[in-house]
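A.B. asks: Have a look at this one.
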């Protein structure tokens, strides 16, 4: 005899493990297992079913039937407990079958399992082949098959709950190192690496502090991972003492790359990542990386993206005039004559404007709440230095930078 | 500005914008030609050049708008070249324009629709008379066009990179001694319309606005700027501004100088076109007006009229046109293709004599001037109705062959952004999710009636979108801007233009989507504006039905029917019309027509003419329907609005019903000339007519005041005339349609089997679904036979049984069965009858499994074996036949085994019929429930006439039509079918609001209300609805016209 639990809510594998070491997870929310051995503990099937439903909760359906498939069918179609129920009046839509076969059976006027079961087996075999025969056996409750035993996935998540809250980083890192050592060993034994690591701190003030590091190359050295976490936590410390912590690693297959013999030696990816993490800690996250040109006419048409090792390129670099941005732009006072700038005054950059080209006008993002609209000029001063100035819609002038 | 040198500029300079692009560049410009012209006039720009991308589709509208605004309109095109560049070319002379048209035609005709590029050699071949604006430093341009015809174009949009390019252009111009020309590369009339351009750019590139990035405009500077702005921008290059005027002066060509000539008709030696036309007309006159004692007077009048018409035709040099149309009609006759002229041509006795029209204009006293007048200076318009489908295509191909691919073409149809298409495109570009888009699209009113309380804001709020949300508010603005802009060029359903010589020198030609068709770049209205003559070859489903009926009558009844000589005043026809027994008839079958027929009670042919014309938005909105009916019934004295109108309105009992009457009214009461009256007519039928109608109204009022017509009468006359702006039939057109309506009624009354078969074979057409047509025919005593693989053809056919004619349904009614499969079945069946389903499957390998299943499900395989079986048994066997047996067993018959399936019940058969064929020849679904309905007090449709006016009533049936016309002030009309007939219900707006979900979401309804039984017109005024569960499937409802 087999029992099937069907509940979309409960953690069914934990419940099934309480009754049987081996079970089949037919679908998310459906588990089936043999119950013959339970007869030593429980006198009747009803008692077994009640024991299961006690664990699974009142919303679960529990069915006990001769075959695994019959139990699954019953659990899907009858609420609460059902012991060897009569499935014959069930609609054929409850059977697992392809749409086309269902449509044919419906057009034949076959709506219930009983009607399907009553059709001649040879006729069904001739028309639908093995799939039809299997379906008819399901309808008759005559399928026998071994269970497909469920094997749990290997997880890389560990949690430590602390008796006393820890407010200093060092003892916290000691605990993190413990977890990381175990997990990295596990990674090694399964020939895996990590490309993402998440630390989840439960704090004394009931808040949570979650940090996720996405690694540019898969790594499994616990020391490197620890160092990265340490620098990240130094840059983003939790707001209160930690009561519990968990570390989760996302496992991936390690990347194996053979470096080109004629390529210049570059730092090891893990070391480079550590160095970049240090720089990020000093200058701020948004100021480190590779500038990436954005597809826009916006005056600031780039963003800093995460550093990626450059792909080898045979294209010669194009020579263009470089522009050096002042960050932030320098406020300036500009005198105008006939709508053209004639004199500039700004700390360190002052004088008569010799030539001015412009205005260069860009407007955009009109569909957003922050449209932009600005006029730029390129100006030269008496010392031949070339600057770009611009006027905000507020009529304030700024020096955006200088051409090298 | 741009230059490092500041210069003074002459504010009074004249500047001509020689590079504008309109919305006719399809998704590359966001202003209509009219908007550009209006803006230019506001800015005092004396001339404007419009260069759209590879087309001149907007040129006529540009020309007409400019003419009105007093601006010179220069024509040009941005031509795509195979070298990847676009060459802006301006027509200096007519030769230049002709070269431009030929160049575009050449490149378009060899490419797929919407594509094509000219080679540099072709640019050179068609370079004469064209000026090229060089927008890049390329010496080849000088080789092609000559140094005198090249201007180096500079544009300044405050763009750093553009200025570097300009420097290169200036150097190029200096080194080759070429003149500089300032333009602004205008893509939108005002800075605000840049947003719409950005949206259109996204639509063209199939990206959202968030992804578009540098595809969008950098700023909003490509708008129309005045001389002052442009002079300031080009302050350092004043000659570039001065040259715009110089070039504009050089461009002498405008569309007024098109040089169009209608083709000459080849006449026998020794004849002129005039003499030959006289001969043909005289011959026709003898046939049409055979004089005898009864018709002598008519013949005399006809002869006089014909002579008058011929004199005018000769004077206007139009004999060729009449001969060409006559030639098309003769071709149709020789090919046994039914043809009939409609429209204003039916006002002409010459057209009647030539056999172009079937309405005797003299006997009906129709107004010839409506068709042709010397004063108007406009070509006449002849529309020919042909059977829709292959026959019409044959006629079109005949015209192509006769006048050559470059001598004849179809007119275009400019597809513009409409409500839903605008919503979808804008919504997608702004990144709305698919469900949100669906919700917004659903807000666009798709029915005629729009609640006046409905504003876009209110609708959006009700659908859960806040108009305060910036994106939604932007969406609304864009919707208003983009709606009605051209989207792409389609093909008009039947308009053909023909030209003496080469049509491609008048307007560029393009390939149509349909193979073998060529389309010009102008639409119907543009052709009329440009004075190009056209012949409309229109497909009419009913013409195909009439033609098929004649053939079927010949084959099955063994009788010959000549539509030109049908018995007149047939009592059965008028009896059917008076009872509104008109399902399937031409023009008089709609619900509104049916509710009018018992009141109008047609007794002679002219009554049908009135009936066809009266149920139109024009007469209904003009409140002419009810006065006419009351007068017709003798309940009201016929009275004219004014004694002056007596002669015009006498025969329609003082009520204006036809366009001709309104034109004559305008001529009599407001002293309109014939030409002004014609202008009024065009404003009525013209889609861009609102402003024109208002102008005309003012002129009408002043004319009537001059004639001393009281203010109150003026109002009524204005109301009558302006309401025709919505839609009104000319009398001649109504008469042509009435002939077809009479013919269809005659065939239905006397040859029901043939008429019904022809109707079923020409679907979709008309007002009713095939299921309703079948039920109606059955109620008239016609019997049907089901689709049967051993008997049916692709189309429905007529079979004789026991001396009666039955209609056999054809395979064309099996949903999802391909014609190719049906033909394969017929071929195999012709070789030998099928012996079993397996035999059918083996011998017709084209038969797909879903097709075989369908055939078995509808009972089409029941008679394939010697002993007839039931549908389920056929299904059981079909499923076996579908399964591949492999080559080893292919010839082996299956071992017979008892089939285990139960036969279908009656309701299962009904559902299967509706599901797979959309109709049933068995009992109506309502018949199965009549007993139960009787207990509920439901009155069948055929018993409603016994319910007294004002009494409560309960009726029920399948809803076959829900209609909420714009003219009915929010009323909803329902047509309900049961096994006894079709009944009607009217739903007041408040009831509709309350019961909306029940009415719209159920196919079968029980309707409670009050009986309105007046003048034999039966309507239930609905008060309450309840869903009725009768069958899973139903006749598909024909909703929301």
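None of the figures in this text is laboratory data; all of them are computed from the coordinates on show. Owing to the predicted nature of the structure, the values given are computational and were not obtained by experimental measurement. As a convention, Cβ positions derive from the backbone with ideal geometry for all residues, glycine included, and neighbour counts pool all protein chains shown.
A.B. asks: In whole Å and largest first, what semi-axes does the C-alpha gyration tensor of region B:812-884 yield when each eigenvalue is scaled by 5 and square-rooted?
C.D. replies: On the way: eigenvalues 53, 40, 29 Å².
The answer is 16, 14, 12 Å, longest axis first.
A.B. asks: I've got another one for you. Taking neighbour counts of Cβ atoms within 10 Å as a proxy for exposure, in what order, fewest first, do A:207, B:556, B:732 appear? Don't skip to the answer; put the middle values down first.
C.D. replies: Working: A:207 11, B:556 17, B:732 30.
With the sparsest Cβ surroundings first, the list reads A:207, B:556, B:732.
A.B. asks: What is the percent of Cα-Cα separations in region B:284-349 that go past 16 Å?
C.D. replies: 59 percent
A.B. asks: How far apart, in nm, are the 7 Å Cα→Cβ label points at residue B:336 and residue B:295?
C.D. replies: 2.7 nm
A.B. asks: Here's something else I'd like to know. Within region A:141-170, what residues put their amide N at less than 18 Å from the label point 7 Å along the Cα-to-Cβ vector of residue A:207?
C.D. replies: Under cut-off, by backbone N: A:165-169.
A.B. asks: Just rank B:283, B:712, fewest to most, by other beta-carbon atoms within 10 angstrom.
C.D. replies: Fewest to most other Cβ atoms nearby, the residues stand as B:712, B:283.
A.B. asks: How large is the helix-only mean residue ellipticity at 222 nm for chain B, computed as the sum of -39500 (n - 2.57) over DSSP H runs with n ≥ 4, divided by its residue count, in deg cm²/dmol to the nearest 500?
C.D. replies: After summing the helix terms and dividing by residue count, I get -13000 deg cm²/dmol.
A.B. asks: Taking the DSSP beta bridges in chain B as the whole, what percent of them are antiparallel, to the nearest 5?
C.D. replies: Antiparallel bridges make up about 65 percent of those DSSP assigns within chain B.
A.B. asks: Shifting gears a bit: To one decimal place, what orientation-averaged projected area in nm² is obtained for the convex hull of the Cα set of chain B?
C.D. replies: Seen from a random direction, the Cα hull of chain B projects 51.6 nm² on average.
A.B. asks: What angle do you read, to the nearest 10 degrees and between 0 and 90, between the alpha-carbon axis of helix B:591-600 and the longest principal axis of chain B?
C.D. replies: 70 degrees
A.B. asks: If only Cα atoms are counted, what is the Rg of region B:750-873, and what is its Dmax, in Å?
C.D. replies: 14.9, 44
A.B. asks: Further question on the same structure: For region B:323-372 and region B:302-316, compute the distance between their C-alpha centroids and round to whole Å.
C.D. replies: 15 Å
A.B. asks: A follow-up question, please. For the ranges B:646-653, B:475-482, what's the packing order if you count other beta-carbon atoms within 10 Å of each residue, average per peptide, and put the highest first? Could you put the intermediate results ahead of the total?
C.D. replies: Working: B:646-653: 17.2, B:475-482: 19.6.
Packing proxy ranking, top to bottom: B:475-482, B:646-653.
A.B. asks: What length, rounded to one decimal in nm, is gained on full extension from residue B:109 through to residue B:997, with 0.36 nm per residue of separation minus their alpha-carbon distance? Could you put the intermediate results ahead of the total?
C.D. replies: Numbers: separation 888, 0.36 × 888 = 319.68 nm, distance 5.16 nm.
Here the answer is 314.5 nm.
A.B. asks: Taking every pair of alpha-carbon atoms in the protein assembly as shown, what share in percent sits in each 20 Å bin, from 0 to the bin with the longest distance?
C.D. replies: 7, 23, 30, 25, 13, 1, 0
A.B. asks: Report, in whole Å, the centroid distance computed from the Cα atoms of region B:421-436 and region B:902-942.
C.D. replies: The two parts, judged by their Cα centres, are 43 Å apart.
A.B. asks: What distance in nm lies between label points placed 7 Å from Cα along the C-beta direction at residue B:565 and residue A:84?
C.D. replies: About 9.0 nm, to one decimal.
A.B. asks: Could you calculate the contour length gain from residue A:271 to residue A:403, that is, 0.36 nm times the residue separation minus the distance between their Cα atoms, to one decimal place in nm?
C.D. replies: My answer for the length gained is 44.0 nm.
A.B. asks: Okay, moving on. In degrees, nearest 10, range 0 to 90: what is the angle between the Cα axis of helix B:390-403 and the longest Cα principal axis of chain B?
C.D. replies: Value to nearest ten degrees: 30.
A.B. asks: In addition: Would you calculate the volume per residue, in Å³, of the smallest convex hull containing every Cα atom of chain A? Intermediate values should be presented prior to the final figure.
C.D. replies: Working: hull volume 122.8 nm³, N = 404.
Output value, Cα hull per residue: 304 Å³.
A.B. asks: In whole Å, largest first, what are the principal axis extents of the Cα atoms in region B:160-261?
C.D. replies: For region B:160-261, the Cα extents along the three principal axes come out at 47, 44, 27 Å.
A.B. asks: If you find the alpha carbon centre of region A:149-187 and of region A:190-209, how far apart are they in angstrom?
C.D. replies: 9 Å
A.B. asks: Largest first and in whole Å, what are the equivalent-ellipsoid semi-axes of region B:108-194 based on the Cα gyration tensor, each being the root of 5 times an eigenvalue?
C.D. replies: Working: eigenvalues 121, 94, 26 Å².
Working from the Cα gyration tensor, I get semi-axes of 25, 22, 11 Å.
A.B. asks: Now for a different question. Under the definition of Cα pairs under 8 Å and six or more residues apart, what whole-number percent is the relative contact order of chain B?
C.D. replies: 9 percent
A.B. asks: Here is a further query. If you take the beta carbon distance between residue A:157 and residue A:322 as r and set R0 to 51 Å, what does 1/(1 + (r/R0)^6) give as a FRET efficiency, to the nearest 0.05? Numbers along the way, then the final one.
C.D. replies: On the way: r = 48 Å, r/R0 = 0.94.
Computed FRET efficiency for residue A:157 and residue A:322: 0.60.
A.B. asks: In degrees, nearest 10, range 0 to 90: what is the angle between the Cα axis of helix B:819-831 and the longest Cα principal axis of chain B?
C.D. replies: It works out to around 50 degrees.
A.B. asks: Then there is this: Under the definition of partner shielding as Cβ atoms of other protein chains within 10 Å of a residue Cβ, what is the mean value for peptide A:364-374?
C.D. replies: Per residue, the number of nearby Cβ atoms from other chains is 4 on average.
A.B. asks: Another question, then. What relative contact order, as a whole-number percentage, does region B:33-77 give when Cα pairs under 8 Å and 6 or more residues apart are counted?
C.D. replies: Values: 62 pairs, mean separation 22.8, N = 45.
Reported relative contact order: 51 percent.
A.B. asks: Explain nothing, just the number: relative contact order of chain A, from Cα pairs under 8 Å at least 6 residues apart, as a whole percent. Can you show the working numbers first?
C.D. replies: On the way: 658 pairs, mean separation 36.0, N = 404.
Result for chain A is 9 percent.
A.B. asks: Another question, if that's okay. For B:868-878, what's the mean count of beta carbons from other chains sitting within 10 Å of each residue's beta carbon? Display every interim value, and only then the final one.
C.D. replies: Details: counts 0, 0, 0, 3, 4, 0, 0, 4, 4, 1, 2.
If you average over the peptide's residues, the count of other-chain Cβ atoms is 2.
A.B. asks: Mind checking the mean number of beta-carbon atoms from other chains within 10 Å of the Cβ atoms in B:210-220?
C.D. replies: 5
A.B. asks: What length, rounded to one decimal in nm, is gained on full extension from residue A:37 through to residue A:302, with 0.36 nm per residue of separation minus their alpha-carbon distance?
C.D. replies: 88.6 nm
A.B. asks: Counting other C-beta atoms within 10 Å, which of B:951, A:108, B:522, A:372 has the fewest, and how do the rest follow?
C.D. replies: Placing the least packed residue first, the sequence is B:951, A:372, A:108, B:522.
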